[in-house]
Amino acid sequence: MARPKVKSKAKPKAKPRAAKSPKVEKVIPLHMIPDVQSEVIKTAEGRYLQSNEAMFTFYKRSKGEQSPYFLGLMEKKQIIGARCPKCKLVRVPAFEIYCPDCQFEKLELVELPDTGVMNSTPPITYFANSLFAHMVPFGRGRVMIDGADTGIPMHVYTTKGVLTPRVFKKNTPVKVIFRKNRLGKPTDVFAVPIAELPEKLRAKKGVEEQELDWSRPVEPPVDKPTPETEKAFKSAFAAFQSMSKAVAKSDRAKKDLAGWKRSIQVKTAGGSFIISIDKQNLTVKPGKAKADFVMVSNNPRLFEDWMNSRESLTNAIIADKLWISKNQEFTTVFKLDRLPRSLRRT
Ligand SMILES: [Zn+2]
């Protein structure tokens, strides 16, 4: 006997909300899905065949009692906290319905400002897992929103070039910035030092990432050339030219640059040059020109140390020996850092 169909009353009316970008993001990023292929594994016992197979499970996760907080971020660009009418404690995110300290008094939802201070010096992530790799480098801090008694864990960024340990300290005043495409997730918001914002944005509510000026970092000056730095520059430039030829012949190195197009203005005390990455090749030419981003190092020898695998560009940035004008270009720096190793293995 056929059973009557039961309609669920909790059927969601709205279509699932996807990122508004024309290219819809997948739950599993495409680059993490292996190709259909087999490989032969050789061991002391013999040859074995191994193939890529799939086993997958997806699930939907309810934000439960945290929904007002995440809905506030996604729909209204508001930071919602929960205030206890008895003890007046304000918790944010609003993660509880009843106050555990006041005989389970019902909490009231309140909108909080989008400004606050760091409650400690945030550690910085330069190497993240694949979920966050496109966001590096970011600081992982807790922001004490003005008027709240608890902190919100949040990524922190600077709009003024690369994030180094000098940008944020305990009690640095910050502004919470909203992503353009919000999904009701903790990463819908991040914080920047309020001192970096122009006056008109400091008091504005619900500032979005594209309103920030990421383009005008303060470039560190380089010293006047000396015979010694000019000589080091010539040597580094020649090494770059040899490297360019080696990359053209190395499949491994070309793979590191696949699908990437960038021009980088490099400035050193001994001179300047431009690196171009295009069509899986790396070329260099002396001088200055308009580029996607700028790299500054007083010491031209740094680049030779890098090509000889004595130093990575990533480490040089962390150690303040190399400066880059755009935080997001760390992705390009990672690609460059693979080259010396790939060339050694070719
Ligand atoms: Zn209370």
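Derivation of every value follows stated rules applied to the coordinates shown; laboratory data play no part. Please read all numbers here as calculations on a predicted model, not as lab measurements. Heads up, the Cβs are rebuilt from the backbone with ideal geometry, glycines too, and the neighbour counts pull from every protein chain shown.
Observations on the structure shown:
- Counting other Cβ atoms within 10 Å as a rough exposure proxy, the listed residues Glu196, Glu25, Glu208, Glu45 run Glu45, Glu25, Glu208, Glu196 from fewest neighbours to most.
- Springs join every pair of Cα atoms under 10 Å in this Gaussian network model of the chain, and among Thr283, Thr43, Thr121 the largest mean-square fluctuation is at Thr43.
- For the chain, built as a Gaussian network whose Cα springs stay under 10 Å, the top-fluctuating residue of Trp260, Trp306, Trp214: Trp260
- Applying a threshold of 20 Å to the alpha-carbon distances of Lys234/Lys326; Lys231/Lys267; Lys224/Lys261; Lys267/Lys290 flags Lys234/Lys326; Lys224/Lys261 as lying beyond it.
- Highest-first packing order for the peptide set 35-41, 269-275, 165-171 is 269-275, 165-171, 35-41, based on the mean count of other beta carbon atoms within 10 Å.
- Around Thr115: net Lys/Arg minus Asp/Glu count, Cβ-Cβ under 12 Å: +2
- Out-of-range pairs (alpha-carbon distance over 32 Å; input Lys77/Lys335; Lys245/Lys288; Lys23/Lys60; Lys205/Lys288; Lys77/Lys288): Lys77/Lys335; Lys205/Lys288; Lys77/Lys288
- Computed over the chain, the per-residue total of -39500 (n - 2.57) for DSSP H runs of n ≥ 4 gives a 222 nm mean residue ellipticity of -5500 deg cm²/dmol, rounded to 500.
- Of all aspartates and glutamates in the structure, the ones whose alpha carbon falls short of 15 Å from that of Lys180, not counting any fewer than 8 places away in one chain, are Glu25, Glu75, Asp188, Glu208, Glu209, Glu211, Asp213.
- With neighbours defined as other Cβ atoms within 10 Å of a residue's Cβ, the residues Asp101, Asp337 order from fewest to most as Asp101, Asp337.
- Footprinting exposure proxy for Tyr157, Tyr59 (fewest neighbouring C-beta atoms within 10 Å first): Tyr59, Tyr157
- Its residues counted as N, the stretch 94-230 yields a C-alpha radius of gyration over 2.2 N^0.38 Å of 1.29.
- Bridge type composition, the stretch 64-211 - antiparallel percent by DSSP, nearest 5: 90 percent
- Normalising by residue count, the chain has a Cα convex hull of 246 Å³ per residue.
- For the chain, the antiparallel share of DSSP beta bridges with both residues in that region comes to about 90%.
- In this rough spin-label picture, where each label sits 7 Å from Cα along the Cβ direction, the Arg345-Ile33 distance is 2.6 nm.
- Cα long-axis angle, helix 227-249 against the chain (0 to 90 degrees, to the nearest 10): 80 degrees
- Euclidean distance of C-alpha centroids, the stretch 79-109 and the stretch 287-346, integer Å: 49 Å
- Based on Cα contacts under 8 Å between residues 6+ apart, the chain shows a relative contact order of 12 percent.
- Net charge of the neighbourhood of Ile124, taken over other residues with C-beta under 13 Å away and scored Lys/Arg +1, Asp/Glu -1, is +2.
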